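The values are calculated or read from the model by the stated rules, or taken from the named source; none is laboratory data. These numbers were taken from a predicted model, which means no experiment stands behind them. Because the Cβ atoms are built from the backbone with ideal geometry, glycine has one as well, and the counts that use them run over all protein chains shown. Please note that ligands, DNA and RNA were not included when accessible areas were found on the heavy atoms of the full protein model with its side chains. Shrake-Rupley method; radii C 1.70, N 1.55, O 1.52, S 1.80 Å.
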Amino acid sequence: MGARMTTKLSFGGDWHATVTDGPLHITPRFTGRSVEVAPYTDGAERERFFASTFGSEPWLWDMPDVFRFDPEGRKLVGAELQMPYVAADAETLTRLPVMPEVQPGGLRADEARDFRTDFCTVLCRAPGDTSLGCLRDPGVLDKPLDACIGIAPDMALLIQDGSVVGWSLTDPARYLTPTYTDPDPAPPSPATRRLLTECLDLVTAPLLDDVEGGDPAAVARLRAADEALRTQHEDRRRADALRDMIATYLKDYGS
């Protein structure tokens with residue numbers, strides 16, 4: 001991983017994990033609001049998964065990034081990562097941090113106890129949304145990253161000064177899918193790729209400010225995106241995920 005790579009990582013506070021050579025062989029699921037890298041396929045399985053693992057987890061209104069570890073070997077077995085725009089104080093930037101080459105790897109907790117993580121507050125979008133980078137704060141962009149650890153296909157943790165400071169998802173359109181559903185193995189259609197970019201525009205500033213302010217042109221774009229997704233005959237699984245992504249805004253502002 002290069003001379004600067006640290007094998008022990010901080011998740012904040014005094015909680016640490018060690019990098020291993022075993023990434024997760026789980027396909028990410030991008031619901032539009034979060035990315036799941038987890039084995040469960042419904043709510044009941046998710047509850048059992050949380051009950052049988054340790055790590056970070058949601059609590060009441062607190063929705064941090066989630067990392068779950070197996071108590072036996074203390075290895076990472078799943079994660080749920082929140083998209084920054086679900087938080088009111090998030091910001092969106094059009095540049096990604098300079099990414100080192102992704103090195104596949106897993107994590108082993110240094111000790112079997114729960115901890116808390118913050119969610120990312122900055123969304124960085126590559127041109128055409130071919131990659132999304134989610135950062136803890138804008139200061140991450142002030143200096144280079146030390147490493148990118150690929151914990152699952154196209155999914156990497158971003159490391160700076162020995163700490164996990166964010167994560168990235170390459171080709172997010174490929175992994176679009178409704179909650180608890182595996183993504184369609186077929187490549188996303190060109191229409192889906194275009195509509196992902198339109199939906200991301202609609203749920204982030206500055207266009208979101210216009211939508212919430214009732215600007216007629218912005219509201220018309222919101223309705224048009226929903227109509228295009230509703231009537232798209234191909235790539236239905238991804239289209240349904242994108243409709244879910246904008247559904248709340250359509251309900252609140254679309255009329």
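Observations, loosely collected:
- Test: residue in region 227-239 that is out of contact with any Phe, Trp or Tyr (no Cβ under 9 Å at 6 or more places or on another chain), closer than 19 Å to Arg29 by Cα, surrounded by 15 or more Cβ atoms within 10 Å (Cβ to Cβ) and of a type in the set (Asp, Glu): yes
- Filtering region 179-206 to residues that are hydrophobic (A, V, I, L, M, F, W, C) and at pLDDT below 95 leaves only Ala205.
- Residue under evaluation Leu141, criteria (1) exposed (fewer than 14 other Cβ atoms within 10 Å of the Cβ); (2) over 23 Å from Phe69 (Cβ atoms); (3) touching a strand residue (DSSP E or B) at 6+ places or on another chain (Cβ under 8 Å), criterion not met: (1)
- Subset of region 22-68 [closer than 18 Å to Asp154 by Cβ and aliphatic (A, V, I, L, M)]: Leu24, Ile26, Val35, Val37, Ala38
- Filtering Pro84, Pro127, Pro97 for residues that are closer than 27 Å to Leu242 by Cβ and under 15 Å from the mean Cα position of the chain (by Cα) leaves a single hit, Pro84.
- Of all residues making up region 158-205, the number that are part of a loop (DSSP other than H, G, I, E, B), touching a residue at least 60 places away in the same chain (Cβ under 8 Å) and not β-branched (Val, Ile, Thr): 6
- Qualifying residue in region 118-137 (condition: over 22 Å from Thr197 (Cα atoms), open to solvent by less than 40 Å² (accessible area, probe 1.4 Å) and at pLDDT below 90): no
- Considered as a group, the residues in region 206-239 that are part of a helix (DSSP H, G or I) and β-branched (Val, Ile, Thr) include one that is nearest to Arg33 (Cα to Cα), and that residue is Val211.
- Filter result for Ala218 (open to solvent by less than 20 Å² (accessible area, probe 1.4 Å), touching a Phe, Trp or Tyr at 6+ places or on another chain (Cβ under 9 Å), small (Gly, Ala, Ser) and without any contact (Cβ under 8 Å) to a residue 24 or more places away in the chain): yes
- Answer residue from region 125-157, given it is in a loop (DSSP other than H, G, I, E, B) and touching an Asp or Glu at 6+ places or on another chain (Cβ under 8 Å) and is nearest to Glu91 (Cα to Cα) among those: Arg136
- In region 226-255, the residues that are more than 13 Å from Glu198 (Cα to Cα) and in contact (Cβ under 8 Å) with a residue 60 or more places away in the chain reach residues that are hydroxyl-bearing (Ser, Thr, Tyr) and in a helix (DSSP H, G or I) with C-beta atoms within less than 6 angstrom, at least six apart or across chains, in these pairs: Arg238/Thr192.
- Summed over region 107-117, the residues that are in a loop (DSSP other than H, G, I, E, B) and either open to solvent by 10 Å² or more (accessible area, probe 1.4 Å) or acidic (Asp, Glu) (or both) give a count of 7.
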